[in-house]
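Reading through the structure tokens given below for one structure.
The values are calculated or read from the model by the stated rules, or taken from the named source; none is laboratory data. All of these numbers come straight from a predicted model, not from anything done at the bench. Every residue, glycine among them, receives a Cβ derived from its backbone with ideal geometry; neighbour counts consider all protein chains shown. To get the accessible areas, we keep the full protein, side chains included, count just its heavy atoms, and leave off ligands, DNA and RNA. Shrake-Rupley method; radii C 1.70, N 1.55, O 1.52, S 1.80 Å.
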Amino acid sequence: MVSNPKIMTLERFIREQEEKFPSASGEFSNMLFALTLAAKLVWREVSKAGLVNILGTTDQVNVSGDILKKLDLFADETIYKTMFYSGNICAMASEESNGLIEIPKKCDSGKYVLLFDPLDGSSNIDANITIGTIFSIFKRVTPSGVGTLEDCLQTGYNQVAAGYIIYGTSTMFIYTTGNGVHGFTLDPSVGEFLLSNENIRIPSKGKMYSINEGNYNYWSPPIQRYIKYLKEIDNPSGRPYSLRYIGTMVGDVHRTLLYGGIFMYPADKKNPDGKLRLMYECNPMAFIVEQAGGKAINGKQRILDITPNSLHQQTPIFIGSSEDVTKCQEFLSSPE
Ligand code: AHG
Ligand code: MN
Ligand code: MN
């Protein structure tokens, strides 16, 4: 076995990054530590998902008298409770909640705003297929007290951190603070995330595309033409591309980040504004992919430049290798 030259925990890595900013108060790092704890708590539950039928299902009372919750609600609650008590958050919103999550009075003094998708790909849970958690962090814009909608509804380029946890064959924590993208793999035997993918760079062009092709007849002609183009035989340009689609954005974007290519969820006749959510899914993934050298657009503009007007706003997304996204944009800009 080839040994790794260094064993670096996620917490040490966060600390070392903080030391590069001598004026840092430590609040940002503490918030990231709290997120790593939330990730481990969710992972612990996710890894038992298949046992739910043996141990009891939603709304049943388990042996210790607790009501068992659906995994996505469990993840939601675990994340917001862990993050409240980190003391660094003034406002929080999640894909599972309608408005802002109410922050207890004693936890309202933080500088940061957290938006998250607690469990992404939840329809895949029962089939034991990869799922994930996505987070996006902004600095508050209001001066003090409990954060408001204004703190949450910021444009993506203002994010100070973003990341995802992928519960796959291994569990990984991938994040950026605007200084490259770094990946850590959980060693479950010691409960630590260890640095496994430092400074991830997405290939400038890939060989795979990822889209729910069952929606083909709902798409606009430019998207149909682009997908047809990817399937044409043209060896010098690497076509046909292979199709890969998990149906969990975290998994599909993670593969795209490592192998290159493009992931898409366009607008279609069923979802005229696209399906995926700007604040919980698209902004954080766009920040990560851009930090790794890739691109993310909605067909008309950069995802990170979209001015949000509601927490649950949806957007079309085309994200991945820069050459692939540029080519896709050419098709999207052509007349219907
Ligand atoms: P969520 O489970 O958080 O609601 O997200 C599901 C999303 C996303 O993960 C995935 O890319 C997409 O839905 C899949 O949608 P289709 O089933 O329409 O392909
Ligand atoms: Mn999701
Ligand atoms: Mn979700």
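Numbers at a glance
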{"item": "Candidate aspartates and glutamates - alpha carbon under 17 Å from LYS205, same-chain residues fewer than 8 apart omitted", "result": "GLU232, ASP234, ASP252, GLU290, GLU323, ASP324, GLU330"}
{"item": "Rounded to 5, the percent of DSSP beta bridges in the range 208-332 classed as antiparallel", "result": "70"}
{"item": "Per-residue [θ]222 nm for the chain (sum of -39500 (n - 2.57) over DSSP H runs n ≥ 4, rounded to 500)", "result": "-8500 deg cm²/dmol"}
{"item": "Relative contact order (%) - the chain, alpha-carbon pairs under 8 angstrom, separation at least six", "result": "15"}
{"item": "Net charge dipole size for the range 97-156 [Lys, Arg +1 and Asp, Glu -1 on Cβ; Debye, nearest 20]", "result": "360"}
{"item": "Full-extension gain in nm, TYR157 to ARG302, via 0.36 nm per residue minus C-alpha separation", "result": "51.2 nm"}
{"item": "Accessible area of the chain belonging to carbon and sulfur atoms, whole % at 1.4 Å probe", "result": "51"}
{"item": "Cα-centred dipole magnitude for the range 10-197, charges only on beta-carbon of K, R (+1) and D, E (-1), debye, nearest 20", "result": "360"}
{"item": "Selection from PRO335, ALA286, ILE79 lying farthest towards where the dipole of the chain points positive, charges on Cβ", "result": "PRO335"}
{"item": "Which listed pairs, of LYS295/LYS327; LYS20/LYS295; LYS20/LYS139, have C-alpha distances above 22 Å, in listed order", "result": "LYS20/LYS295"}
{"item": "Global geometry of the range 105-216, whether rounded, prolate or oblate, following the gyration tensor of its Cα atoms and the 1.5 cut on a/c", "result": "prolate"}
{"item": "Heavy-atom accessible area per residue - the range 183-275, 1.4 Å, Å²", "result": "47"}
{"item": "Gyration tensor verdict on the range 173-320 (Cα atoms; rounded if a/c is under 1.5, prolate if a/b is larger than b/c, oblate otherwise)", "result": "oblate"}
{"item": "The chain - charge dipole about Cα centre, Lys and Arg +1 at Cβ, Asp and Glu -1, debye rounded to 20", "result": "560"}
{"item": "Theoretical FRET efficiency, 1/(1+(r/R0)^6), r = Cβ-Cβ of SER170 and ARG201, R0 25 Å, to 0.05", "result": "0.75"}
{"item": "Pairs of alpha carbons in the chain whose separation is greater than 31 Å (percent)", "result": "33"}
{"item": "Protection-proxy order for peptides 18-27, 163-172, each taking the mean of Cβ atoms within 10 Å per residue, highest first", "result": "163-172, 18-27"}
{"item": "Near-label residues of the range 240-266 by backbone N, under 12 Å of a point 7 Å along Cα→Cβ of GLU232", "result": "240"}
{"item": "Spin-label model distance (nm) - GLN224 vs ALA24, 7 Å beyond Cα toward Cβ", "result": "5.1"}
{"item": "Relative contact order (percent, whole number), the range 203-244, Cα cutoff 8 Å, 6+ residue spacing", "result": "55"}
{"item": "Relative contact order (%) - criterion: Cα under 8 Å, at least six apart; region: the range 208-332", "result": "29"}
